[in-house]
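Take a look at the structure below.
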Amino acid sequence: MTDNGAPSGSHANPPVERDMSWLNRVSPRAATWWIILRVALEERLVYRGDFALGTLMRFLPIVTQIFLWWAIFQAAGQGNGDAATLRNYSYPDVVAYYLLTMLSRAFSSMPGLASGIALQIRQGEINKFLIQPVDMIGYLFLTRLAHKSAYYSVAIGPFIPVFILCRGYFPGWPDATTMVAYISTLLMAFLLGFFLEASIGLVGFWFLEVSSLLFVYMLFSFFLSGHMFPLDMLPDSWQTVVRLLPLQYLAYFPSAVFLQKVQGPELIRGLWLEAMWICILIVACRWLLSRGLKRYSGYGG
(Lines give C-alpha, C1' and ligand atoms only; values in the text may rest on other atoms or scores of the structure.)
Protein backbone atom coordinates (compact mmCIF):
# COMPACT_ATOMS: atom_id res chain seq x y z
CA MET A 1 0.00 0.00 0.00
CA THR A 2 1.14 3.54 -0.63
CA ASP A 3 0.92 6.41 1.89
CA ASN A 4 -2.41 7.61 0.47
CA GLY A 5 -4.01 4.16 0.61
CA ALA A 6 -3.66 3.25 -3.07
CA PRO A 7 -2.37 -0.24 -3.86
CA SER A 8 1.29 -0.42 -4.73
CA GLY A 9 2.79 -2.08 -7.80
CA SER A 10 2.01 -1.84 -11.49
CA HIS A 11 -1.76 -1.50 -10.90
CA ALA A 12 -1.51 1.65 -8.81
CA ASN A 13 -2.46 3.90 -11.72
CA PRO A 14 -5.48 3.39 -14.00
CA PRO A 15 -4.66 2.06 -17.49
CA VAL A 16 -5.81 5.29 -19.15
CA GLU A 17 -3.47 7.34 -16.98
CA ARG A 18 -0.52 5.04 -17.73
CA ASP A 19 -1.29 5.09 -21.47
CA MET A 20 -1.45 8.88 -21.55
CA SER A 21 1.59 9.53 -19.35
CA TRP A 22 3.97 9.95 -22.29
CA LEU A 23 1.59 12.32 -24.07
CA ASN A 24 1.11 14.31 -20.88
CA ARG A 25 4.85 14.82 -20.69
CA VAL A 26 4.99 15.97 -24.31
CA SER A 27 1.84 18.11 -24.39
CA PRO A 28 -0.76 18.19 -21.59
CA ARG A 29 -3.21 20.02 -23.86
CA ALA A 30 -2.89 17.36 -26.57
CA ALA A 31 -3.48 14.66 -23.94
CA THR A 32 -6.66 16.42 -22.81
CA TRP A 33 -7.99 16.70 -26.38
CA TRP A 34 -7.19 13.03 -27.06
CA ILE A 35 -9.10 11.88 -23.96
CA ILE A 36 -12.12 14.00 -24.95
CA LEU A 37 -12.09 12.61 -28.48
CA ARG A 38 -11.72 9.00 -27.35
CA VAL A 39 -14.49 9.21 -24.75
CA ALA A 40 -16.84 10.93 -27.20
CA LEU A 41 -16.12 8.30 -29.84
CA GLU A 42 -16.74 5.41 -27.43
CA GLU A 43 -20.06 6.92 -26.35
CA ARG A 44 -21.27 7.28 -29.92
CA LEU A 45 -20.25 3.80 -30.98
CA VAL A 46 -22.40 2.39 -28.18
CA TYR A 47 -25.71 3.86 -29.31
CA ARG A 48 -25.12 4.48 -33.04
CA GLY A 49 -25.98 0.98 -34.24
CA ASP A 50 -29.07 2.51 -35.87
CA PHE A 51 -26.82 4.41 -38.29
CA ALA A 52 -26.64 1.50 -40.74
CA LEU A 53 -30.41 1.15 -41.15
CA GLY A 54 -30.94 4.91 -41.07
CA THR A 55 -28.34 5.50 -43.76
CA LEU A 56 -29.81 2.78 -45.97
CA MET A 57 -33.26 4.36 -45.66
CA ARG A 58 -31.82 7.70 -46.80
CA PHE A 59 -30.92 6.14 -50.12
CA LEU A 60 -34.51 5.13 -50.89
CA PRO A 61 -35.53 8.59 -52.21
CA ILE A 62 -32.88 8.26 -54.90
CA VAL A 63 -35.20 5.83 -56.71
CA THR A 64 -37.68 8.68 -57.11
CA GLN A 65 -34.89 11.01 -58.19
CA ILE A 66 -33.69 8.56 -60.86
CA PHE A 67 -37.16 8.32 -62.41
CA LEU A 68 -37.67 12.08 -62.13
CA TRP A 69 -34.43 12.91 -63.94
CA TRP A 70 -35.11 10.19 -66.51
CA ALA A 71 -38.38 11.94 -67.37
CA ILE A 72 -36.60 15.29 -67.61
CA PHE A 73 -33.93 13.96 -69.95
CA GLN A 74 -36.50 12.11 -72.03
CA ALA A 75 -38.34 15.37 -72.56
CA ALA A 76 -35.09 17.17 -73.37
CA GLY A 77 -33.96 14.49 -75.80
CA GLN A 78 -37.42 13.73 -77.25
CA GLY A 79 -37.41 10.12 -76.12
CA ASN A 80 -33.66 9.50 -76.13
CA GLY A 81 -32.76 10.38 -72.55
CA ASP A 82 -29.25 8.89 -72.60
CA ALA A 83 -28.16 11.06 -75.52
CA ALA A 84 -29.59 14.29 -74.16
CA THR A 85 -27.47 16.68 -72.10
CA LEU A 86 -28.39 19.58 -69.87
CA ARG A 87 -25.63 22.11 -69.27
CA ASN A 88 -22.90 19.52 -69.91
CA TYR A 89 -24.63 16.89 -67.74
CA SER A 90 -25.92 13.64 -69.22
CA TYR A 91 -28.52 11.51 -67.46
CA PRO A 92 -25.89 9.15 -65.92
CA ASP A 93 -23.89 12.22 -64.82
CA VAL A 94 -26.86 13.58 -62.88
CA VAL A 95 -27.55 10.28 -61.12
CA ALA A 96 -23.87 9.95 -60.21
CA TYR A 97 -23.87 13.58 -59.08
CA TYR A 98 -26.86 13.02 -56.83
CA LEU A 99 -25.20 10.00 -55.19
CA LEU A 100 -22.00 11.97 -54.64
CA THR A 101 -23.88 14.87 -53.05
CA MET A 102 -25.27 12.46 -50.47
CA LEU A 103 -21.69 11.51 -49.63
CA SER A 104 -20.65 15.18 -49.52
CA ARG A 105 -23.53 16.04 -47.19
CA ALA A 106 -22.50 13.20 -44.90
CA PHE A 107 -19.30 15.18 -44.31
CA SER A 108 -20.65 18.74 -44.25
CA SER A 109 -23.99 18.40 -42.45
CA MET A 110 -23.94 19.12 -38.72
CA PRO A 111 -27.38 18.12 -37.38
CA GLY A 112 -28.16 19.63 -34.01
CA LEU A 113 -24.93 21.61 -33.69
CA ALA A 114 -26.29 25.17 -33.98
CA SER A 115 -29.45 24.47 -31.99
CA GLY A 116 -27.41 22.61 -29.36
CA ILE A 117 -25.05 25.55 -28.86
CA ALA A 118 -27.96 27.99 -28.56
CA LEU A 119 -29.63 25.66 -26.03
CA GLN A 120 -26.48 25.47 -23.92
CA ILE A 121 -26.28 29.26 -23.89
CA ARG A 122 -29.94 29.64 -22.95
CA GLN A 123 -29.78 27.05 -20.16
CA GLY A 124 -26.44 28.24 -18.83
CA GLU A 125 -24.62 24.99 -19.58
CA ILE A 126 -21.68 26.89 -21.04
CA ASN A 127 -20.71 27.81 -17.46
CA LYS A 128 -18.61 24.64 -17.39
CA PHE A 129 -16.41 26.05 -20.16
CA LEU A 130 -15.85 29.21 -18.12
CA ILE A 131 -14.61 27.41 -15.01
CA GLN A 132 -12.76 24.50 -16.62
CA PRO A 133 -9.59 24.73 -18.73
CA VAL A 134 -11.36 23.39 -21.84
CA ASP A 135 -12.00 25.51 -24.92
CA MET A 136 -15.68 25.41 -25.93
CA ILE A 137 -15.11 25.45 -29.70
CA GLY A 138 -12.34 22.86 -29.47
CA TYR A 139 -14.51 20.58 -27.31
CA LEU A 140 -17.46 20.84 -29.70
CA PHE A 141 -15.16 20.19 -32.66
CA LEU A 142 -13.78 17.01 -31.09
CA THR A 143 -17.22 15.69 -30.16
CA ARG A 144 -18.44 16.36 -33.71
CA LEU A 145 -15.32 14.65 -35.09
CA ALA A 146 -16.12 11.63 -32.92
CA HIS A 147 -19.73 11.74 -34.13
CA LYS A 148 -18.66 11.70 -37.78
CA SER A 149 -16.04 9.00 -37.21
CA ALA A 150 -18.67 6.75 -35.62
CA TYR A 151 -21.08 7.52 -38.44
CA TYR A 152 -18.60 6.70 -41.21
CA SER A 153 -17.45 3.49 -39.57
CA VAL A 154 -21.03 2.18 -39.48
CA ALA A 155 -22.58 3.87 -42.52
CA ILE A 156 -19.90 2.64 -44.91
CA GLY A 157 -21.79 -0.68 -44.98
CA PRO A 158 -24.90 0.73 -46.72
CA PHE A 159 -22.85 3.15 -48.87
CA ILE A 160 -20.75 0.44 -50.55
CA PRO A 161 -23.58 -1.76 -51.96
CA VAL A 162 -25.54 1.29 -53.16
CA PHE A 163 -22.55 2.64 -55.06
CA ILE A 164 -21.77 -0.82 -56.45
CA LEU A 165 -25.33 -1.20 -57.73
CA CYS A 166 -25.18 2.26 -59.33
CA ARG A 167 -21.63 1.96 -60.65
CA GLY A 168 -22.91 2.03 -64.23
CA TYR A 169 -23.82 5.69 -63.84
CA PHE A 170 -20.23 6.68 -63.08
CA PRO A 171 -17.70 7.40 -65.84
CA GLY A 172 -15.00 5.58 -63.88
CA TRP A 173 -12.41 6.45 -61.27
CA PRO A 174 -10.76 9.85 -61.75
CA ASP A 175 -6.98 10.21 -61.89
CA ALA A 176 -4.85 10.40 -58.74
CA THR A 177 -4.64 14.22 -58.74
CA THR A 178 -8.39 14.54 -58.98
CA MET A 179 -8.89 12.00 -56.18
CA VAL A 180 -6.55 13.95 -53.89
CA ALA A 181 -8.47 17.13 -54.71
CA TYR A 182 -11.78 15.34 -54.09
CA ILE A 183 -10.72 14.01 -50.68
CA SER A 184 -9.45 17.50 -49.79
CA THR A 185 -12.84 19.00 -50.66
CA LEU A 186 -14.60 16.49 -48.40
CA LEU A 187 -12.33 17.26 -45.46
CA MET A 188 -12.71 20.99 -46.00
CA ALA A 189 -16.48 20.55 -46.34
CA PHE A 190 -16.46 19.09 -42.82
CA LEU A 191 -14.57 22.10 -41.48
CA LEU A 192 -16.75 24.54 -43.40
CA GLY A 193 -19.98 22.93 -42.21
CA PHE A 194 -18.81 22.86 -38.59
CA PHE A 195 -17.70 26.48 -38.30
CA LEU A 196 -20.66 27.73 -40.31
CA GLU A 197 -23.23 26.09 -38.04
CA ALA A 198 -21.22 26.84 -34.90
CA SER A 199 -21.29 30.52 -35.85
CA ILE A 200 -25.08 30.36 -36.23
CA GLY A 201 -25.36 28.71 -32.82
CA LEU A 202 -23.19 31.39 -31.19
CA VAL A 203 -25.67 34.03 -32.35
CA GLY A 204 -27.64 32.64 -29.40
CA PHE A 205 -25.68 35.02 -27.17
CA TRP A 206 -27.77 37.80 -28.74
CA PHE A 207 -30.92 35.90 -29.73
CA LEU A 208 -31.67 33.08 -27.31
CA GLU A 209 -33.74 31.25 -29.93
CA VAL A 210 -32.03 30.67 -33.30
CA SER A 211 -34.54 28.19 -34.77
CA SER A 212 -35.90 30.76 -37.24
CA LEU A 213 -32.41 31.77 -38.35
CA LEU A 214 -31.45 28.10 -38.66
CA PHE A 215 -34.56 27.39 -40.75
CA VAL A 216 -33.68 30.18 -43.19
CA TYR A 217 -30.11 28.90 -43.40
CA MET A 218 -31.23 25.32 -44.06
CA LEU A 219 -33.66 26.50 -46.73
CA PHE A 220 -30.99 28.44 -48.63
CA SER A 221 -28.43 25.70 -48.05
CA PHE A 222 -30.70 23.02 -49.51
CA PHE A 223 -31.00 24.87 -52.81
CA LEU A 224 -27.74 26.83 -53.08
CA SER A 225 -25.41 24.04 -51.94
CA GLY A 226 -26.30 22.01 -55.04
CA HIS A 227 -28.02 19.27 -53.08
CA MET A 228 -31.07 19.25 -55.37
CA PHE A 229 -29.41 19.80 -58.75
CA PRO A 230 -26.00 20.74 -60.18
CA LEU A 231 -25.38 24.45 -59.84
CA ASP A 232 -24.12 24.45 -63.44
CA MET A 233 -27.77 24.24 -64.51
CA LEU A 234 -28.54 27.68 -63.07
CA PRO A 235 -28.61 30.66 -65.45
CA ASP A 236 -25.20 32.28 -65.84
CA SER A 237 -26.21 35.38 -63.87
CA TRP A 238 -27.30 33.25 -60.91
CA GLN A 239 -24.17 31.13 -61.09
CA THR A 240 -22.04 34.24 -60.63
CA VAL A 241 -23.84 35.06 -57.38
CA VAL A 242 -24.00 31.51 -56.02
CA ARG A 243 -20.30 30.87 -56.62
CA LEU A 244 -19.44 33.77 -54.33
CA LEU A 245 -21.13 31.99 -51.39
CA PRO A 246 -19.59 29.23 -49.27
CA LEU A 247 -22.68 27.01 -49.58
CA GLN A 248 -21.58 25.46 -52.88
CA TYR A 249 -18.68 23.73 -51.09
CA LEU A 250 -21.08 21.74 -48.88
CA ALA A 251 -22.37 19.50 -51.69
CA TYR A 252 -21.84 20.73 -55.25
CA PHE A 253 -18.09 21.36 -55.38
CA PRO A 254 -16.85 17.95 -54.11
CA SER A 255 -19.24 16.14 -56.46
CA ALA A 256 -18.24 18.27 -59.45
CA VAL A 257 -14.56 17.65 -58.69
CA PHE A 258 -15.05 13.87 -58.65
CA LEU A 259 -16.96 13.98 -61.96
CA GLN A 260 -14.17 16.20 -63.36
CA LYS A 261 -16.61 19.00 -64.17
CA VAL A 262 -14.15 21.34 -62.44
CA GLN A 263 -10.57 21.09 -63.67
CA GLY A 264 -7.35 23.03 -64.14
CA PRO A 265 -7.21 26.65 -62.95
CA GLU A 266 -10.89 26.55 -61.97
CA LEU A 267 -10.20 23.63 -59.60
CA ILE A 268 -7.22 25.37 -57.99
CA ARG A 269 -9.25 28.57 -57.62
CA GLY A 270 -12.12 26.65 -56.04
CA LEU A 271 -9.83 24.94 -53.51
CA TRP A 272 -8.27 28.26 -52.52
CA LEU A 273 -11.67 29.92 -52.14
CA GLU A 274 -12.94 27.05 -50.01
CA ALA A 275 -9.87 27.33 -47.76
CA MET A 276 -10.40 31.09 -47.56
CA TRP A 277 -14.02 30.63 -46.46
CA ILE A 278 -12.91 28.21 -43.75
CA CYS A 279 -10.45 30.80 -42.41
CA ILE A 280 -13.13 33.50 -42.48
CA LEU A 281 -15.60 31.32 -40.61
CA ILE A 282 -13.01 30.29 -38.01
CA VAL A 283 -12.30 33.95 -37.29
CA ALA A 284 -16.05 34.74 -37.23
CA CYS A 285 -16.70 31.83 -34.86
CA ARG A 286 -13.97 32.93 -32.46
CA TRP A 287 -15.11 36.56 -32.62
CA LEU A 288 -18.73 35.63 -31.87
CA LEU A 289 -17.64 33.52 -28.90
CA SER A 290 -15.38 36.26 -27.52
CA ARG A 291 -18.00 39.00 -27.91
CA GLY A 292 -20.78 36.76 -26.68
CA LEU A 293 -19.01 35.80 -23.46
CA LYS A 294 -18.61 39.49 -22.63
CA ARG A 295 -22.38 39.94 -22.55
CA TYR A 296 -23.18 36.54 -21.05
CA SER A 297 -24.40 36.24 -17.45
CA GLY A 298 -24.77 33.00 -15.53
CA TYR A 299 -26.46 32.56 -12.16
CA GLY A 300 -26.82 29.68 -9.74
CA GLY A 301 -24.61 26.88 -8.52
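Data for the structure
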quantity	calculated
Residue order for Cys166, Cys279 - accessible surface, 1.4 angstrom probe, largest first	Cys279, Cys166
Between the range 204-230 and the range 158-182, the alpha-carbon center distance in angstrom	29 Å
Area accessible to solvent at Thr101, 1.4 Å probe radius, in Å²	0 Å²
Proximal lysines relative to Lys148, as straight alpha-carbon distance under 28 Å, when same-chain residues fewer than 8 apart are discounted	Lys128, Lys261
Where Asp93, Asp175, Asp236 fall by accessible area, highest first, once all protein chains stay in place (1.4 Å)	Asp236, Asp175, Asp93
Principal axis box of the range 116-224, alpha-carbon based, largest edge first, Å	53, 33, 26
Low-density loop positions, GluC sites (Glu not before Pro), the range 205-301 - DSSP coil, at most 16 other Cβ in 10 Å	Glu209
Calculated FRET value between Val180 and Ala30, using beta carbons and R₀ = 30 Å, to 0.05	0.65
Under 15 Å, Cβ to Cβ, from Val216 - net charge with Lys/Arg +1 and Asp/Glu -1	-2
Inter-site label distance for Leu119 and Ile268 at 7 Å from Cα along Cβ, in nm	4.6 nm
Cβ-Cβ FRET estimate between Arg286 and Leu130, R0 fixed at 22 Å, reported to 0.05	0.90
Lys128, Lys294, Lys148, Lys261, reordered so the largest accessible area comes first (probe 1.4 Å)	Lys294, Lys128, Lys261, Lys148
Over the range 70-183: Kirkwood hydrodynamic radius from C-alpha pairwise inverse distances, Å	17.9 Å
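The values are calculated or read from the model by the stated rules, or taken from the named source; none is laboratory data. The shown structure was predicted, so the numbers you read here are calculated from the model rather than taken from an experiment. Ideal geometry is used to build each Cβ from the backbone, glycine not excepted, and the neighbour counts take in all protein chains shown. These area figures cover heavy atoms from the full protein model, side chains too; ligands, DNA and RNA do not enter into them. Shrake-Rupley method; radii C 1.70, N 1.55, O 1.52, S 1.80 Å.
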